[in-house]
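Novice: Encoded as structure tokens, here's the structure I'll be asking about.
The values are calculated or read from the model by the stated rules, or taken from the named source; none is laboratory data. The shown structure was predicted, so the numbers you read here are calculated from the model rather than taken from an experiment. Positions of Cβ are generated from backbone atoms using ideal geometry, with glycine treated the same way; all protein chains shown enter the neighbour counts. Surface accessibility is based on the protein's heavy atoms, side chains included, excluding ligands, DNA and RNA. Shrake-Rupley method; radii C 1.70, N 1.55, O 1.52, S 1.80 Å.
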Amino acid sequence: MNKKILFLFAILPIFLMAQNTIKGTFTPADQFKFAFLYQVTADTSIFVDNADIAADGSFIFNLKKTQAPGTYRIVYAQPQDEYNFDFLYNNEDIELTFDLEKGLEFVTSEENKLWISYNNSMSMIGQSLNAFYSSGGKKEKDFKNIIDILKTTQSEFEKASEGKLVLNFITASQPYIPENLIDAKTFTENAKTSYFKHINFGNPVLQNSNFLIEATLNYVFNFSDSNDQLTSYKNNIDTVVKAIGNNPKIKKVMLEILWNQFALEEVEPVANHITDTHLLALAKAENDTQLIEDLTYFKNASVGNIGQDFEIVIYDEEGEATVKNLYQLDESNNYLIVFWSTTCSHCLEEIPELRKYVKTLDNKQLKVIAIALDEDRYRWKDMTYDYPEFYHVFGIGKWDNEIGNNYNVKSTPSYFVLDSDKKIIKKPYDFKAFEAYFKTLTQPKKEE
């Protein structure tokens with residue numbers, strides 16, 4: 001009798017620590033070497049486990065019963081932000097397949113199968129609506145049939161997902177459902193107005209996923225007016241901020257993502273609108289010095305702003321040095337600030353081309369200020385003798401240089417065209433782009 005009791009106590013801890021598994025197969029197997037599992041949170045991803053990929057492409061993660069439900073991410077290559085996929089985990093065994101061509105499929109997982117089925121169903125209904133309006137959109141009976149299917153589908157999926165994690169996503173995804181036949185323009189306007197009606201930015205399940213990010217990006221970019229896109233983007237961003245409400249953390253996360261999106265595409269008026277109207281104040285409230293610097297440097301270097309001032313040592317023909325600031329220069333109608341480096345191969349190709357082009361111009365047309373973001377002062381000095389037409393500045397510290405930072409330089413060569421008032425009027429991608437742009441400035445205007 002005693003032995004049986006001891007046996008029960010011996011197996012009890014094993015039972016309590018029983019695991020769920022996330023397993024799957026990658027195809028083609030030889031393209032995958034590893035898999036990392038992360039738990040997604042509102043502002044980061046938490047590492048959970050890693051797994052080797054077997055020769056047949058299979059892998060397995062063993063999760064404890066105490067592993068929190070939520071959105072999880074599998075990273076399968078570098079860079080991590082490109083090669084990954086998300087899924088829902090809610091204390092169930094999951095089996096999946098991932099094919100580089102076919103994408104992600106779930107063999108077992110009620111949560112994820114429901115979510116995929118819901119999105120596929122809604123996509124088909126959306127296609128029916130588009131077909132209806134494309135064909136004229138006049139038959140009320142046809143319209144009512146589509147809307148009835150839409151209502152039924154939403155209701156049935158909400159019932160099927162009761163008690164499940166996916167319910168949070170299905171209810172938040174409920175689309176606009178009109179009561180009566182309306183034209184396509186009114187439908188779009190109403191869909192935009194009601195877009196955030198069912199999305200709760202305070203829902204922690206939605207926060208700890210990509211849902212709010214994707215919903216926000218979808219709203220900002222898909223509901224834009226092509227006739228005045230910049231104004232439309234700004235207004236949409238303001239609407240998102242209003243929809244988020246009094247939640248500074250989530251607001252900051254969403255605005256940072258939007259700012260990065262527009263900054264990366266160099267849509268400067270919109271990126272700076274986000275900074276001035278919303279994000280800079282949030283960054284200051286959290287004393288986020290890195291973000292404050294990023295926002296400030298980007299705005300300082302935007303087209304339309306006065307370029308940041310800096311000192312230039314100018315040598316005359318006798319070798320006498322004079323120190324001037326950028327703002328003191330008054331010898332040209334335009335100035336080109338080019339950031340380069342003695343170890344940058346593209347720079348060493350483009351700077352000679354720049355000199356060759358500058359020699360075809362009148363002195364009053366353009367003055368080049370070459371700023372070397374570098375560490376080897378002697379090599380830089382030797383190379384400057386090949387470009388006597390330029391003003392030269394040594395930007396010690398390379399990527400940690402004040403002038404480079406103030407002009408938000410992320411790579412070399414970087415070009416900034418300034419007018420006589422030192423206002424930035426263009427930021428060409430490379431020398432060829434600069435040459436093409438500058439020719440438009442120097443061409444005489446046609447008489448009307």
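Novice: From Lys159, Lys144, Lys139, grab the single residue that is more than 30 Å from the chain's Cα centre (by Cα), at pLDDT below 95, open to solvent by 70 Å² or more (accessible area, probe 1.4 Å) and not hydroxyl-bearing (Ser, Thr, Tyr). Give the derivation first.
Specialist: Details: Lys159 fails: at pLDDT below 95; Lys144 fails: at pLDDT below 95.
Matching residue, one of Lys159, Lys144, Lys139: Lys139.
Novice: Which of the residues that make up region 212-237 are assigned to a helix (DSSP H, G or I) and more than 15 Å from Leu255 (Cα to Cα)? Working first, answer last.
Specialist: At the first step, the residues of region 212-237 found to be assigned to a helix (DSSP H, G or I) are 212-222, 226-237.
Scanning region 212-237 gives Asn222, Ser226, Asn227, Asp228, Gln229, Leu230, Thr231, Ser232.
Novice: Being within 15 Å of Asp294 (Cα to Cα) and either part of a loop (DSSP other than H, G, I, E, B) or open to solvent by 10 Å² or more (accessible area, probe 1.4 Å) (or both) narrows it down to one of Ala243, Ala271, Ala263, so name that one. Spell out how you get there, then give the answer.
Specialist: Details: Ala243 fails: within 15 Å of Asp294 (Cα to Cα); Ala271 fails: either part of a loop (DSSP other than H, G, I, E, B) or open to solvent by 10 Å² or more (accessible area, probe 1.4 Å) (or both).
After ruling out the rest, the residue left standing is Ala263.
Novice: Something else now. Residues that are touching a Lys or Arg at 6+ places or on another chain (Cβ under 8 Å) and over 17 Å from Thr21 (Cβ atoms): which strands (runs of 3 or more DSSP E) entirely in region 43-136 hold 3 or more of them? Full working, then the answer.
Specialist: Values: elements: 45-52, 58-64, 70-75, 84-89, 94-99, 103-108.
The qualifying strands (runs of 3 or more DSSP E) are 84-89.
Novice: Still on this model: Can you pull out every residue in region 34-49 that is open to solvent by 30 Å² or more (accessible area, probe 1.4 Å), over 16 Å from Gly24 (Cα atoms) and among the hydrophobic types (A, V, I, L, M, F, W, C)?
Specialist: Result: Ile46, Phe47, Val48.
Novice: Just to be sure before I move on: is Leu165 of a type outside the set (S, T, N, Q) and farther than 30 Å from Ile60 by Cβ in the structure I sent? Give the derivation first.
Specialist: On the way: of a type outside the set (S, T, N, Q): yes; farther than 30 Å from Ile60 by Cβ: no.
Here the answer is no, as Leu165 does not meet what is asked.
Novice: Another question, then. With the requirement that a residue be touching a residue at least 60 places away in the same chain (Cβ under 8 Å) and either open to solvent by 30 Å² or more (accessible area, probe 1.4 Å) or over 24 Å from Ile403 (Cβ atoms) (or both), what does region 356-380 give you?
Specialist: Leu361, Gln365
Novice: I need the full set of residues from region 387-401 which are under 23 Å from Glu317 (Cβ atoms) and in contact (Cβ under 8 Å) with a residue 12 or more places away in the chain, in order please. Working first, answer last.
Specialist: Filtering region 387-401 down to residues under 23 Å from Glu317 (Cβ atoms) leaves 387-394.
Of everything in region 387-401, those that are under 23 Å from Glu317 (Cβ atoms) and in contact (Cβ under 8 Å) with a residue 12 or more places away in the chain turn out to be Tyr387, Glu389, Phe390, Tyr391, His392, Val393, Phe394.
Novice: For residues in region 409-436 being open to solvent by 40 Å² or more (accessible area, probe 1.4 Å) and polar (S, T, N, Q), which is farthest from Thr296 (Cα to Cα)?
Specialist: Ser420
Novice: I would also like to ask the following. Out of (1) under 28 Å from the mean Cα position of the chain (by Cα); (2) open to solvent by 40 Å² or more (accessible area, probe 1.4 Å), the odd one out for Gly307 is which?
Specialist: Of everything listed in (1) under 28 Å from the mean Cα position of the chain (by Cα); (2) open to solvent by 40 Å² or more (accessible area, probe 1.4 Å), Gly307 misses just condition (2).
Novice: Restricting the search to region 286-316, which residues are polar (S, T, N, Q) and under 23 Å from Lys249 (Cα atoms)? I'd like the intermediate steps shown before the answer.
Specialist: We begin by selecting, within region 286-316, every residue polar (S, T, N, Q); these are 287, 289-290, 296, 300, 302, 305, 308.
Across region 286-316, the qualifying residues are Asn287, Thr289, Gln290, Thr296.
Here's the yes/no breakdown for (1) among the hydrophobic types (A, V, I, L, M, F, W, C); (2) open to solvent by 50 Å² or more (accessible area, probe 1.4 Å); (3) not in a helix (DSSP H, G or I):
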| site | (1), (2), (3) |
| --- | --- |
| Asn168 | no, no, no |
| Pro175 | no, no, yes |
| Glu179 | no, yes, yes |
| Ala191 | yes, no, no |
| Lys197 | no, yes, yes |
| Val205 | yes, no, no |
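Novice: Still on this structure: For region 127-167, which residues satisfy the criterion of being closer than 30 Å to Asn208 by Cα and either among the aromatic types (Phe, Trp, Tyr) or in contact (Cβ under 8 Å) with a residue 40 or more places away in the chain (or both)?
Specialist: Of everything in region 127-167, those that are closer than 30 Å to Asn208 by Cα and either among the aromatic types (Phe, Trp, Tyr) or in contact (Cβ under 8 Å) with a residue 40 or more places away in the chain (or both) turn out to be Phe157, Ala160, Ser161, Lys164, Leu165, Val166.
Novice: Look at region 217-231 and say how many of its residues are under 12 Å from Lys192 (Cα atoms) and buried (at least 16 other Cβ atoms within 10 Å of the Cβ).
Specialist: 4
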